[in-house]
Structures are given as C-alpha cells and as structure tokens.
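> One structure follows; several queries about it will come next.
The values are calculated or read from the model by the stated rules, or taken from the named source; none is laboratory data. Note that the structure is a prediction, hence the values are computed from the model and not measured. Backbone-built Cβ (ideal geometry, glycine too); neighbour counts: all protein chains shown. To get the accessible areas, we keep the full protein, side chains included, count just its heavy atoms, and leave off ligands, DNA and RNA. Shrake-Rupley method; radii C 1.70, N 1.55, O 1.52, S 1.80 Å.
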Amino acid sequence: MAPETDAWVLVLTSLAGGEKHGYAITQDIAERVGVTLGPGTLYGVLARLEEGGLIEALPAQARRRPYRLTAAGTEALSEQLRQMRLVADLGARRLRTAAAR
C-alpha cells in the first residue's frame, strides 16, 4: 500500500471516532498508532478526502475547522479495512507455512 493510501486510512480511522480538527487528528493518530503526519501530508489528504466526498468540513470553531466522516467515507474505510484484513490473514498464513518448512 502506498504511503498516501496509509495516510487516508489513518485520517478516516481517526474521524470514525468522531469529528476532529486537523491538530486533533494528528494527535489521535500519533498517540494511537505512533505515526506522525506532517501538516502538508495531513492537509493534502483532508483536501482530497473532502473533494471525494469522504469527509466534510464543519463550520470553524475558534480558528479551527473540524471535519467529520460522511456515509461514503464510512463505506470506503470499511472496504479498505476489509481488504487490509484479507492481506494480513494471507500474509500470516504464508509466514506460518514458510516457518513450518
């Protein structure tokens, strides 16, 4: 998976926990996954997700603009996680098979 794909999955996963502004998304991802998204990466991903209808910007609150997941975003994240689970399961099976040889 390309790093950009990883970033959009991380952002959608963060927003699946509730609406957040950019800094809160970055903090959530860093605390829970140990990945630090730079501002350029984060705001680029947010712009693409918003353009794609996967998230929506909410009215600004004290100079911060929160975002929330849309129904399409929930569906896209669910599908991506399903595919990631398939790959992880296949990889684990193949590693067990290779270790048994």
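> How large is the direction-averaged shadow of the alpha-carbon convex hull of the range 10-101, in nm²?
7.1
> Determine the per residue accessible area of the chain with all protein chains present and a 1.4 angstrom probe, expressed in square angstrom.
Per residue, the chain has an accessible area of 66 Å².
> List the residues, sorted by chain then number, that are 5 or more residues from Y67 or on another chain and whose placed amide H is less than 5 Å from its amide H.
It is K20, H21, L58, by chain and number.
> In nm, to one decimal, how far is the modelled label at L95 from the one at Q61, with both set 7 Å along Cα→Cβ?
Those two pseudo-labels are separated by 3.9 nm.
> Also, I was wondering about something else. Per-residue accessible area for E79 at 1.4 Å probe radius, Å² rounded to 10?
70
> A further question on this structure: Which percent of the accessible heavy-atom area of the chain goes to carbon and sulfur, probe 1.4 angstrom?
Of the solvent-accessible surface of the chain, carbon and sulfur hold 54 percent.
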